[in-house]
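The values are calculated or read from the model by the stated rules, or taken from the named source; none is laboratory data. Model, not experiment: these values are computed from the prediction. Neighbour counts run over all protein chains shown; Cβ positions are idealised from the backbone, glycine included. Surface accessibility is based on the protein's heavy atoms, side chains included, excluding ligands, DNA and RNA. Shrake-Rupley method; radii C 1.70, N 1.55, O 1.52, S 1.80 Å.
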Amino acid sequence: MTSTQPASQTACATAPSVVEVEASCRLPVLFLSFSGVAWLVLGAALALLASVQLYVPTFLEGCPWVTYGRLRPAAINALTYGFALQIAFALALWLIARLGRVPLTNPLGLFMAGKFWNIAVTVGVYGVLAGDASGYDLLEFPLYASLPLFASYACIAAWALVTLHQRTERDMYVSLWFVLAGLLWFPWILSTAQGLLLGWHVPGVVQAVVAGWFGNNLLQIVLTGFAVAVLYYFVPKAVGRPLANPALTQVGFWLLLLVGGWGGLSQLSAVPAWIPAVSGAANVLVIVPVIALLIPLWQTADGSISDAWKASATFRFMAVAAFLLLGVTVRTAIFGGHFTQFTLFAAARTDIIVLGVFGLAALGALHYIVPRLTTGEDNLPSDGLADLSFWAGIFGMLAVGIGFSLAGLGQAKVNADATKDFLVNGVSGIAGALQLVTFGYGALALAALAFLANFALAVRRCCAACCGGAR
Amino acid sequence: MSQKKSKPKPAPAPAPARVESEPTIAAGSSSAWPFVLLGVVLFGCFLYVENTGGAFRADIYQTGMKTPPPVIGESIEVQLYKEGAKQYAACAGCHQPNGLGSPALNFPPLAGSEWVLREKPDRMIRIMLDAIEGPVSVKGTVYDNPAMVPFREVLNDFQVAAIATFVRGNAEWGNKAGVVLPEQVKAIREGTASRGGAKWRTESLDPVP
């Protein structure tokens, strides 16, 4: 490592080797990755069942556990906490270890905390299905699940931050800014929101504001931030160039933190008018940091995009995730207001950010990380499965995003026009778009399964290599 | 999957070209355009919030409004009657909550009283403002009691109108005379101010319609 680096790095004589760093990552990162993607399978399956009920109301009729009002929150929370945040932890740990050139502190403890996180998510999803949901968007887990969730997060974050503190590479690369911001932002918003909602019991209208504030911060700052961290790590790597225009990156980072948290309340009703007004303005304003963050990536990759697209599965995921980030930001800015209020259009923002912007970037990153931590090769064992995961992921995501958006716009037209018939135009009329959504969730589950199969192949090959097949 | 860190088995599989470099940063100077763009978008945002934000007031819920909408629904009659029902406490001590007075103690009734139920409220307003003394005939009984107190300095125009509306229109007492408006009270209050607060008598009220 030191051989290629100038004097500034050799000063840290203790910088460990990549092998050492990766050895410390192996247990926690692989565990979090595998269970995270497993939650993607389960969450997508639950979301699929819920989406069917939107146009076949009698589907799964008669059993309270699988009514839409429980399935949909169970799915979204499984996807957010089980999949997205869990994978975000895996990526954060890996990025800190790699970019900081430091072995993880307490890998076994991280593994245990990850285990508890999974138990808490399981209890939470079970609680939602059992009818104990709290009723606040993205905070549906009942208290007996959200408290252990927070406790396990605290352990993961604490060890991650200790590791970051011990890094031997003192310069923090862009990705680490976002990782650090996300690791600190998440406990702040989670504890504030849950304290106000479940502890303080704030009255009616304030609940909607608090929950909306939390959901937007989770999506716009934490998950988008982790996605950007991943993009900034892998895009320069895939094209083999240094990151262009770092000054712009810095502007984008601070502006995202500054304005990102204000959005997301533009569709509240029955609140004082200034809240949706300011929030709608923030939804537009956040375009500036997003563009400021995407331009350096574009400049870095410009000219090598088609080569990198062919050469690297990871880069393909990154390119699509970056495109979706721009898309979802513009979409929310333009249509995020009054017109689409109370429609599926608004609900789809969560899906696009969790599964698309973050989800696809994360899947791409895992296609790079998992082989390195298992077989030690550059790619997962099966190219075919990697391709399947990519294409199913892309099409699934597009189908969910487009299907929900079309359905939502259809509903919005009915809401805006008194001459339209609610049942004919607003319910039956959007069934086609919703079938697309069902297909999309199916494809996403398939993408996750393909990755898991590849993962399993890699682990088997690794075990065969290091234990001679004894285990 | 339980590799231990302490067992430094070199990377499990053949690990040749492992010298992977981490991403680096190119030299670059900062540019001002994000701030220019930010300024432009921010300007648009201010306009938007100015136009739709309800002037940052906590009581405006409707996009595009600068002041809260007037409270509609209750007519002035209903408002006066409701207010009068509360303010009637000022009279209830003598004329009783049921408006029947107490003839035994020389307090005349307001329910069914010809002084109250006249088509014009002019006499009643005068009695309320400056009180009445000397013999007064109500429903065939003559009362003579100087106890009635003037309310000129106690109640404002709205309150006098409210009580008068409540007493005159009280269906439970069998009264159904019309509403009294604050403007009527104001006019009489000003018109009789020169009397110096002298109490009315049956004779002095005679010329009043």
The condition of being closer than 25 Å to residue A:90 by Cα, basic (Lys, Arg) and within 14 Å of chain B (Cβ to nearest Cβ) holds, among A:372, A:316, only for A:372
Kindly indicate whether any position in segment B:15-22 is surrounded by 14 or more Cβ atoms within 10 Å (Cβ to Cβ), modelled with pLDDT of 70 or more and within 7 Å of another protein chain (Cβ to nearest Cβ). yes
Residue A:19 passes all but one of (1) in a helix (DSSP H, G or I); (2) crowded, with 19+ Cβ neighbours inside 10 Å; (3) more than 25 Å from the chain's Cα centre (by Cα); which number fails? (2)
Hey, residue A:71 under 29 Å from residue B:21 (Cβ atoms), of a type in the set (A, V, I, L, M) and in contact (Cβ under 8 Å) with a residue 12 or more places away in the chain or not: no
Just to be sure, is residue A:37 open to solvent by less than 50 Å² (accessible area, probe 1.4 Å), within 14 Å of chain B (Cβ to nearest Cβ) and in a helix (DSSP H, G or I)? no
Considering (1) within 22 Å of residue A:39 (Cβ to Cβ); (2) in the same structural domain as residue A:257 (by TED's automatic domain parsing), say which one residue A:142 fails and leave the rest. (2)
Candidates A:294, A:324 - the one that is buried (at least 22 other Cβ atoms within 10 Å of the Cβ) and either assigned to a helix (DSSP H, G or I) or not assigned by TED's automatic domain parsing to the domain that holds residue A:212 (or both): A:324
Within segment A:260-275, which residues are facing chain B (nearest Cβ under 7 Å) and not hydrophobic (A, V, I, L, M, F, W, C)? A:272
Could you give me the residue pairs with C-beta distances under 8 Å whose first residue belongs to segment B:35-59 and is at positive phi and facing another protein chain (nearest Cβ under 7 Å), whose second residue is part of a helix (DSSP H, G or I) and open to solvent by less than 100 Å² (accessible area, probe 1.4 Å) wherever it lies, and which are 6+ apart or on separate chains? B:54/A:274; B:54/A:277; B:56/A:274
Of these, A:197, A:138, A:219, which one is open to solvent by less than 10 Å² (accessible area, probe 1.4 Å) and not in a helix (DSSP H, G or I)? A:138
Only one of (1) under 21 Å from residue A:295 (Cα atoms); (2) open to solvent by 20 Å² or more (accessible area, probe 1.4 Å); (3) touching a Phe, Trp or Tyr at 6+ places or on another chain (Cβ under 7 Å) fails for residue A:274. Which number is that? (1)
Filter segment A:251-277 down to residues that are touching a residue at least 60 places away in the same chain (Cβ under 8 Å), assigned to a helix (DSSP H, G or I) and over 22 Å from the mean Cα position of the chain (by Cα), then give me how many there are. 2
Would you confirm whether any residue within segment A:454-465 is more than 14 Å from chain B (Cβ to nearest Cβ) and part of a helix (DSSP H, G or I)? yes
If you take the residues in segment B:40-67 that are under 22 Å from the mean Cα position of the chain (by Cα) and loosely packed, with under 14 Cβ neighbours inside 10 Å, which one is nearest to residue A:266 (Cα to Cα)? B:62
